[in-house]
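K.L.:
Dropping the structure in here first, questions after.
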Amino acid sequence: MCNYNSVFINKSKKLKLKEKEKTLIEVDRKMQNGFEYKNWPIIKAMGNDDWGIEMAHWEFVPYWIKSEEALKESRKKFNTLNATSERLLESKMFRDAALKRRCLILSSGFYEWRHYQPEGAKKPITYPYYITTNAENNNLYQNHNQNKMPLFLMAGIYQPTVDFTTGEVIDSFSIVTTAANQLMEQIHNTQKRMPTLLTDALAEEWIGKDLSEIRINEIATSQFDSSAMKAWNISKDFRTATNPIEEYRFEELPELIL
């Protein structure tokens, strides 16, 4: 469900996790379609209670995929951009990564569609939204092009794989999703899912060592506080717009109840 994402990381932006502060990779992506299968910034544990940031392939590539042709065939059967939290530890594909290779996905906001049937319409119409966090509630608040843009962390899992074009060993990842909170139930009102957004404390724990299966499940299925989030309507052509996150008001669409 989280297939469209954005991230704004300024030059020299720093992040502190596990008492270690590091400079992040500068990235400016207003909108990325996961089905383009491109790279994205993630954070993972590096041993000795340390962590590092890298650009990884957004699409979890199972260990049994050994060629580009096999990967293309698997895409016809599975969408691994996301991993369902409730089934992480039951999945042949995701279990080992959930136990041993948990990561954090950096984001400034993601895109989702709300289904609503206006009076007189024959069927529901989809309306796109941009969803982010309140900067004042976010320790990763930053300035971006003189605008207040947040930076937050999603739970993820990763799997080493091979870039079949270059032969280079890279990491591939999937965003963990959970049941929608009060805000997201109104926006993603068909499937009622959302990415697992993590507080700073849960983020540090997620990439820590020796988490029990019970705790992995608890964090993966946790719900971020709706009051620390905000969302607004955007144009239906946001995928080709210069500023895809610009607010656009649909008069027939009821306001969200917060």
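K.L.:
Would you mind finding the one in Tyr37, Tyr130 that is under 27 Å from Arg239 (Cβ atoms) and in contact (Cβ under 8 Å) with a residue 40 or more places away in the chain?
P.N.:
On inspection, the qualifying residue turns out to be Tyr130.
K.L.:
Checking Arg215 against (1) outside any helix (DSSP H, G or I); (2) among the charged types (D, E, K, R); (3) touching a helix residue (DSSP H, G or I) at 6+ places or on another chain (Cβ under 9 Å), which single condition isn't satisfied?
P.N.:
(1)
K.L.:
Select, from Ile175, Ile219, the only residue that is in contact (Cβ under 8 Å) with a residue 12 or more places away in the chain and touching a Gly at 6+ places or on another chain (Cβ under 7 Å). Steps first, answer last, please.
P.N.:
Values: Ile219 fails: touching a Gly at 6+ places or on another chain (Cβ under 7 Å).
After applying the criteria, what remains is Ile175.
K.L.:
Related question: Of a type in the set (Ser, Thr, Tyr) and loosely packed, with under 14 Cβ neighbours inside 10 Å - does that describe any residue in region 195-208?
P.N.:
Looking through region 195-208, none of the residues is of a type in the set (Ser, Thr, Tyr) and loosely packed, with under 14 Cβ neighbours inside 10 Å.
K.L.:
Tell me, please, whether a residue that is in contact with a Phe, Trp or Tyr (Cβ under 9 Å, 6 or more places away or on another chain), surrounded by fewer than 20 Cβ atoms within 10 Å (Cβ to Cβ) and at pLDDT 95 or above can be found in region 99-106.
P.N.:
yes
K.L.:
Being more than 16 Å from the chain's Cα centre (by Cα) and either crowded, with 18+ Cβ neighbours inside 10 Å or not in a loop (DSSP other than H, G, I, E, B) (or both) is the filter here, so list the residues in region 63-82 that pass it.
P.N.:
Scanning region 63-82 gives Ile65, Glu68, Glu69, Ala70, Leu71, Lys72, Glu73, Ser74, Arg75.
K.L.:
If we keep just the residues of region 226-253 that are β-branched (Val, Ile, Thr) and over 19 Å from Leu151 (Cβ atoms), which is modelled with the highest pLDDT?
P.N.:
The selected residue is Ile234.
K.L.:
Among residues belonging to region 1-38 that are in a loop (DSSP other than H, G, I, E, B) and in contact with a Gly (Cβ under 9 Å, 6 or more places away or on another chain), point out the one that is modelled with the highest pLDDT.
P.N.:
Among them, the one singled out is Asn3.
K.L.:
While we're on this one: Please work out which residue is nearest to Lys18 (Cα to Cα), limiting yourself to region 39-61 and to residues that are modelled with pLDDT of 95 or more, part of a loop (DSSP other than H, G, I, E, B) and not charged (D, E, K, R).
P.N.:
Filtering region 39-61 for residues that are modelled with pLDDT of 95 or more, part of a loop (DSSP other than H, G, I, E, B) and not charged (D, E, K, R), the one nearest to Lys18 (Cα to Cα) comes out as Phe60.
K.L.:
Select from region 92-102 the residues that are in contact with a helix residue (DSSP H, G or I) (Cβ under 8 Å, 6 or more places away or on another chain) and not in a helix (DSSP H, G or I) and list them in ascending order.
P.N.:
Once the filter is applied, which keeps residues that are in contact with a helix residue (DSSP H, G or I) (Cβ under 8 Å, 6 or more places away or on another chain) and not in a helix (DSSP H, G or I), region 92-102 yields Phe94, Arg102.
K.L.:
Now a separate question. It is to be established whether one or more residues within region 83-91 are over 19 Å from Gly156 (Cα atoms) and surrounded by fewer than 17 Cβ atoms within 10 Å (Cβ to Cβ).
P.N.:
No, there is no match, as no residue in region 83-91 is over 19 Å from Gly156 (Cα atoms) and surrounded by fewer than 17 Cβ atoms within 10 Å (Cβ to Cβ).
K.L.:
As an exercise: evaluate Leu15 against (1) under 24 Å from Gly167 (Cα atoms); (2) of a type in the set (A, V, I, L, M); (3) in contact with a strand residue (DSSP E or B) (Cβ under 7 Å, 6 or more places away or on another chain) and give the number of the one condition it does not meet.
P.N.:
In the conditions (1) under 24 Å from Gly167 (Cα atoms); (2) of a type in the set (A, V, I, L, M); (3) in contact with a strand residue (DSSP E or B) (Cβ under 7 Å, 6 or more places away or on another chain), Leu15 misses (1) alone.
K.L.:
Could I ask something else about it? Select from region 144-164 the residues that are modelled with pLDDT of 85 or more and assigned to a loop (DSSP other than H, G, I, E, B) and write down the one among them that is surrounded by the fewest Cβ atoms within 10 Å (Cβ to Cβ).
P.N.:
As a first pass, look at region 144-164 and keep what is modelled with pLDDT of 85 or more: 150-164.
Those still in the list that are assigned to a loop (DSSP other than H, G, I, E, B) too: 150-151, 163-164.
Values: Pro150: 23, Leu151: 24, Asp163: 13, Phe164: 15.
Once the filter is applied, the top-ranked residue is Asp163.
K.L.:
Now a separate question. Starting from residues that are closer than 14 Å to Tyr116 by Cβ and in contact (Cβ under 8 Å) with a residue 24 or more places away in the chain, keep the ones in region 232-258 and report whichever is surrounded by the fewest Cβ atoms within 10 Å (Cβ to Cβ).
P.N.:
Ile257
K.L.:
Do you know which of the residues in region 117-143 that are assigned to a strand (DSSP E or B) and either of a type in the set (Gly, Ala, Ser) or surrounded by fewer than 16 Cβ atoms within 10 Å (Cβ to Cβ) (or both) is modelled with the lowest pLDDT?
P.N.:
Filtering first and then ranking leaves Asn143.
K.L.:
Here is a follow-up. Go through (1) surrounded by fewer than 20 Cβ atoms within 10 Å (Cβ to Cβ); (2) part of a loop (DSSP other than H, G, I, E, B) and name the single condition Phe224 misses.
P.N.:
Of (1) surrounded by fewer than 20 Cβ atoms within 10 Å (Cβ to Cβ); (2) part of a loop (DSSP other than H, G, I, E, B), only one is false for Phe224: (1).
The values are calculated or read from the model by the stated rules, or taken from the named source; none is laboratory data. A quick note: this is a predicted structure, and the numbers were derived from the prediction, not measured. Quick reminder, even Gly has a Cβ in these numbers, built from the backbone with ideal geometry, and neighbours come from all protein chains shown.
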